[in-house]
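The values are calculated or read from the model by the stated rules, or taken from the named source; none is laboratory data. All values reported here derive from a predicted model rather than from experimental measurement. In this analysis, Cβ positions are derived from the backbone assuming ideal geometry, glycine residues included, and neighbour counts consider all displayed protein chains.
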Amino acid sequence: MKNNKLLTLAIETSCDETSVAVTADGREVLSNVISSQIDVHKVFGGVVPEIASRHHLENINAVFNRAMGEASVKPSEIDMIGVTKGPGLVGALLVGIATAKAFSFAWGVPLLGIHHIQGHICANYIAHKDLEPPFTALVISGGHTSIVDVTGYNECMVLGKTRDDAAGEAYDKVARVLGLPYPGGPAIDEAAKSGDPFAVKFKRVFLEKDSFDFSFSGTKTGVINYLNTERQSGRGINAADVAASFQQAIMEVVVSKAAGAAKLLKRGKLVLAGGVAANSLLRKMLKEECGRMGIKLYCPPSVLCTDNAAMIGCAAYYRYMAGERDDLALDAFAGLEL
Ligand code: KG4
Ligand code: ZN
C-alpha cells in the first residue's frame, strides 16, 4: 500500500516479451518495463519457444529490479502479485509463474493468475480513465482474434473468434513470404503506406451471414499463391502494393464485423485490444465507421496494445477486488478459453 493505493506487482512472459510492472489501484502505471526478444527471434523468422523460455529466465530478475526501481516501491508496499497464466508458450509462462509464486510466498501476499486476453482488454482501463463496462471489445493479436461482449470488470462473453489463423499470425506469415522482417505486422503496416490497397484483389472472407467468427487463412494462402505465380512467371512484385492489398482485405472484414457487433449489442462503445490494434489502417477505418454509427471508439497507445505487464496488473486488481485468489498450485495453460 502506498498513498492509500493498492499496489500490484505484475509479470507477463507468455511469448517473447519479458515484462514486469507496478500498478496502483489497477489503472495507474508506476512502472512498465518491457524487455523484447524480437532481435533474438528475428533470425529464425518467428518465436522459437525454447529460446524464449531461456531468455525469460536470463532477463526476469533484471527486469523485476528495474520495474521496482522505476516505481520507487519497496517489497513491503506490494499488496498482490498478478501473473499471466495463459494462453501462451508453456515454458515461457512457467518462468513468470514461478517468479510470481516465489514473491507471493516470500512476501506473504495474494497471487492472481490472469488470462492474457483479459489483460489485453484491461489495457484500455489504463489508457482511458473514464472507461467502464459494459462495452464491445475487438481482441486482435498474434494468437487471437475475437469479438467479446464485456459486461463487467471480470465478466465477458465471446461472440465470435477466428476458426483458423489469428490476424497477427496471418500478418506475420504474409510478411515472411514477402521478405519483410519479423514481426510482420508493423512491417506490413509500414510497407503498405506507399502501396495501392486496391492493386490486387485478395479474398474477403465473411463466413455465414450474422456470424462474428473470422477466417484469415484463405486470404493468407491467396497472397502466397499470388506471390508464387508472379515469381514463377518472372514478373516483378510490388511489395508495397501486396502489403496494402492484403491488409485492406483483412481489415474490411474485421471492421465490418467489429462495428456490426458493437451496433447489435448497443453498448455504444467499441474497445480495441491486442498487438494488431496498433495497426494504422484498422484504427483509421474503425474511427470512420464508428463515427458514422455514433459509437465511441477506444484505442490504447501502441505500447499498451502489444504484450506488457501493466495490463496484467490492472486485470489482477479487478480480480482481487472481486475477492478472487489463486494459490501456489497455480499452473500454466498453453490453451485457455476466455
Ligand atoms: O498482443 P501481441 O503483442 O502478442 C500476442 O498476444 O499475440 O501481438 C503480437 C502481434 C504480432 O502478430 C504482430 O505482428 C502484430 O501483433 N502487430 C501488428 C502491428 N503491431 C504488432 N499487426 C499489424 N499492424 C501493426 N502495426
Ligand atoms: Zn498478447
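Before moving on, here are some points about what is shown:
- Just one of the listed residues (204, 176) is more than 18 Å from residue 143 (Cβ to Cβ), away from ligand 2 (no atom under 16 Å from the Cβ) and of a type in the set (D, E, K, R), namely 204.
- The range 85-97, residues that are in contact with a Leu (Cβ under 9 Å, 6 or more places away or on another chain) and either under 14 Å from residue 327 (Cα atoms) or part of a loop (DSSP other than H, G, I, E, B) (or both): 85, 87, 88, 97
- Picking from residues in the range 127-144 that are more than 15 Å from ligand 1 (Cβ to nearest atom) and either at pLDDT below 95 or farther than 14 Å from residue 295 by Cβ (or both), the one that is surrounded by the most Cβ atoms within 10 Å (Cβ to Cβ) is 133.
- The range 15-41 residues that are closer than 22 Å to residue 321 by Cβ, paired with ones that are in a strand (DSSP E or B) and acidic (Asp, Glu) (beta carbon under 9 Å, 6 or more apart): 20/12; 21/12
- Subset tally (residues that are hydrophobic (A, V, I, L, M, F, W, C), out of contact with any Phe, Trp or Tyr (no Cβ under 6 Å at 6 or more places or on another chain) and assigned to a helix (DSSP H, G or I)) for the range 257-274: 5
- Options 223, 174; residue that is part of a helix (DSSP H, G or I), within 15 Å of ligand 1 (Cβ to nearest atom), of a type outside the set (D, E, K, R) and over 20 Å from the mean Cα position of the chain (by Cα): 223
- Test: residue in the range 121-134 that is within 21 Å of residue 64 (Cβ to Cβ), of a type in the set (D, E, K, R) and either more than 15 Å from the chain's Cα centre (by Cα) or assigned to a helix (DSSP H, G or I) (or both): no
- Restricting 195, 143, 152, 168 to residues that are under 17 Å from the mean Cα position of the chain (by Cα), at negative phi and assigned to a loop (DSSP other than H, G, I, E, B) narrows the list to 143.
- Checking the stated criteria, residue 52 turns out to be more than 17 Å from residue 316 (Cα to Cα), touching an Asp or Glu at 6+ places or on another chain (Cβ under 8 Å) and surrounded by 22 or more Cβ atoms within 10 Å (Cβ to Cβ).
- Residues considered: 200, 254. Of these, the only one that is of a type in the set (Val, Ile, Thr) and in a loop (DSSP other than H, G, I, E, B) is 200.
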